[in-house]
Amino acid sequence: MDQFWNVTSELLKGFGQNCTIFGLTLLMAIPLGLIISFGSMSGIKPLKAVVRTFVWIIRGTPLMLQLFVVFYIPSLVWGISFDRMTAAIIAFVINYAAYFSEIFRGGIESIPKGQYEAGQVLGMKKSQIFFKVVLMQVVKRITAPMSNEIITLVKDTSLARVIMVPEMLKAAERFTMQGLIWPLFYTGVFFLLFNGLLSLLFSYIEKKFNYYKG
Amino acid sequence: MSMLQVENIQKSFGKNEVLKNISFSLDKGEVLAIIGSSGSGKTTLLRCINFLETPQQGKITVNGNTLFDAETFDKVSERELRRRRLHFGLVFQNFNLFPQYKVMENITLAPSLMAKEQIRENGEYMGAKTMRQAQQAIRDEADQLLRKVGLYEKRESYPCDLSGGQQQRVAIARALALNPDILCFDEPTSALDPELTGEVLNVIKGLKSANSTMIVVTHEIGFAHDVADRIIFMDGGLIEEEGTPQQVIDNPQSARTREFLARFNQFGD
Ligand SMILES: Nc1ncnc2c1ncn2[C@@H]1O[C@H](COP(=O)(O)OP(=O)(O)O)[C@@H](O)[C@H]1O
Ligand SMILES: [Mg+2]
């Protein structure tokens, strides 16, 4: 029993790191993703090309590789280095911002042109049309794909162990090396509980938006 | 002097010249119907008048004020453009209501935003000094408009719970809430089931009796005949024939007009 509590508390410490990565990534990747999505829809052709290429690279390479790049390249090239956690968060934010930006772009582009034009002929400003007319409809349309991405993010946080962030799977691996296998499988419970809560939250949000169709 | 003057409007999309030198005028309280086959440029003309498209040439004047002049238009600020827009209202073929807002909110959204801006900048909006007063006035006005289009009891519904005809009537009320000088309709009944067109056409007839100035693009030739003071028949980006309903519909002079009307008569009015 002692051993169980000991393992639980070690894993929880590790899971704290996962939660930190999760929280900070969400907090920063959503606004950054929105900015990137504007760039990828920009009327300025070169900007759009650069942004779309960037998104393509980030989505086309493994997050694990991106973690290595952010952690090792600055020190190899410029002799500066981020601490492990900072490097992990930078890589996660960039990676998820790229994915989010595509969801945002899809959502924004799915709103019919007529919605903008209706706002325009009613004398509304561009910003008013975006915030008062379009945004809510976009949020409704992207709730489901965003839920998927966010649940994936929870699981992805364990990738940070490849640059030695002491997250939960890393902690479990330490027990494995001492000959204790079950903590490794036990980590699944934490992920399941966390994602279960998130699923409840998302289905609540989706229900909230069900008051209208379209 | 005419209320609206449209002079020499020319609009191309790339090499495709969609409007070739369109000119007409409209008096206060007059109803103009625009008919013509699909692709003749009717929608584009309404969009130009409502600043959704920018013509390459031409001039648009309302009550003696030049609202659009192709020569100088690129110097007009966004703010000024928004102000000029309010001379016109536009009712779309497919309504374009805001789905996330109730009927009432669809109507009050734009006036409320306008009131907020004007009270902040000028200290008043149509006589109201505070936002609370303005909101009250805007809501009262919306109630009245909803009664006018026969949808007062639907004011707390969402657009998705209304029929097409009801949605289009809300769209008309929404456009009227900003008191446009000239209200434009782009085939307001084309997206509706046949049994629902009557209720929308009746609302437009009602507006005519209240002396609203309107431009109605329509395929309902019988309705155009009844409600319009003047008819324009457009063909290939030009005004092919223009006159009273008796002239254009009952005694068309142009062969193209006759051909167009004959196609309609085949299906019976
Ligand atoms: N945004 C656009 N870009 C390119 N061509 C357009 C655009 N809008 C309309 N057109 C063209 O202009 C012509 C007239 O269209 P429209 O004004 O919609 O006619 P109508 O309303 O009389 O059916 C059509 O050939 C159409 O393809
Ligand atoms: Mg049309």
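Scanning the stretch B:1-25 for residues that are under 17 Å from B:ARG230 (Cα atoms) and among the hydroxyl-bearing types (Ser, Thr, Tyr) yields B:SER2, B:SER23, B:SER25. Within the stretch B:242-249, not a single residue is within 16 Å of ligand 2 (Cβ to nearest atom), over 20 Å from B:GLY150 (Cβ atoms) and of a type in the set (Val, Ile, Thr). Has the stretch B:190-207 got at least one residue that is within 16 Å of ligand 1 (Cβ to nearest atom) and either surrounded by fewer than 19 Cβ atoms within 10 Å (Cβ to Cβ) or closer than 12 Å to B:GLY36 by Cα (or both)? Yes. Of the residues that sit in the stretch B:43-97 and are within 13 Å of ligand 1 (Cβ to nearest atom) and more than 16 Å from the chain's Cα centre (by Cα), which one is farthest from A:TYR116 (Cα to Cα)? That would be B:PRO55. Looking at the structure I just gave you, is B:ALA33 at pLDDT below 95 and more than 14 Å from every other protein chain (Cβ to nearest Cβ)? When the stated conditions are applied, B:ALA33 does not pass them. For the stretch B:42-61, enumerate the residues that are of a type in the set (A, V, I, L, M) and over 15 Å from B:ASN8 (Cα atoms). Once the filter is applied, which keeps residues that are of a type in the set (A, V, I, L, M) and over 15 Å from B:ASN8 (Cα atoms), the stretch B:42-61 yields only B:LEU52. Taking the conditions (1) farther than 30 Å from A:GLY214 by Cα; (2) free of Cβ contacts under 8 Å to residues at least 60 places away in the same chain; (3) surrounded by fewer than 17 Cβ atoms within 10 Å (Cβ to Cβ) in turn, A:PHE68 satisfies each one other than (2). Candidates in the stretch A:174-214 are the residues that are assigned to a helix (DSSP H, G or I) and small (Gly, Ala, Ser); of these, the one that is farthest from the other protein chains (Cβ to nearest Cβ) is A:GLY188. Once the stretch B:219-228 is narrowed to residues that are surrounded by 15 or more Cβ atoms within 10 Å (Cβ to Cβ) and farther than 23 Å from B:SER2 by Cα, the residue that is nearest to ligand 2 (Cβ to nearest atom) is B:HIS219. With a requirement of 1 or more residues that are surrounded by fewer than 22 Cβ atoms within 10 Å (Cβ to Cβ) and away from ligand 2 (no atom under 16 Å from the Cβ), the helices (runs of 4 or more DSSP H) lying completely within the stretch B:17-129 that satisfy it span B:78-85, B:103-122.
For the stretch A:94-127, which residues satisfy the criterion of being facing chain B (nearest Cβ under 10 Å), surrounded by fewer than 19 Cβ atoms within 10 Å (Cβ to Cβ) and of a type in the set (S, T, N, Q)? Residue satisfying the conditions is A:GLN115 alone.
In the list B:ILE172, B:ILE215, B:ILE231, B:ILE182, which residue meets the criterion of being buried (at least 21 other Cβ atoms within 10 Å of the Cβ), within 16 Å of ligand 2 (Cβ to nearest atom) and in contact (Cβ under 8 Å) with a residue 40 or more places away in the chain?
Every option except B:ILE215 fails the conditions.
Against the test of being within 14 Å of another protein chain (Cβ to nearest Cβ), modelled with pLDDT of 95 or more and within 16 Å of ligand 2 (Cβ to nearest atom), the options B:GLU187, B:GLU156 yield a single qualifying residue, B:GLU187.
Among the numbered conditions (1) at pLDDT 95 or above; (2) of a type outside the set (Ser, Thr, Tyr); (3) assigned by TED's automatic domain parsing to the domain that holds B:VAL227, the only one that B:PRO111 does not meet is (3). When A:LYS170, A:LYS140, A:LYS132 are screened for being over 30 Å from A:SER37 (Cα atoms), among the charged types (D, E, K, R) and surrounded by 13 or more Cβ atoms within 10 Å (Cβ to Cβ), only A:LYS170 passes. Residues being touching a residue at least 24 places away in the same chain (Cβ under 8 Å), more than 9 Å from chain A (Cβ to nearest Cβ) and among the hydroxyl-bearing types (Ser, Thr, Tyr) are represented in the stretch B:95-109 by at least one member. Among the candidates A:LYS140, A:LYS155, the residue that is touching a residue at least 12 places away in the same chain (Cβ under 8 Å), of a type in the set (Lys, Arg) and more than 14 Å from chain B (Cβ to nearest Cβ) is uniquely A:LYS155.
If you filter the stretch B:113-151 down to residues that are under 25 Å from B:ILE204 (Cα atoms) and small (Gly, Ala, Ser), you find that the one that is farthest from the other protein chains (Cβ to nearest Cβ) is B:GLY150.
If we scan the stretch B:61-76, do we find a residue that is within 14 Å of another protein chain (Cβ to nearest Cβ) and closer than 29 Å to B:ALA137 by Cβ?
yes
The values are calculated or read from the model by the stated rules, or taken from the named source; none is laboratory data. None of the values given here were measured: they were computed from a predicted structure. Note that we place each Cβ from the backbone using ideal geometry, even for glycine, and neighbour counts take in every protein chain shown.
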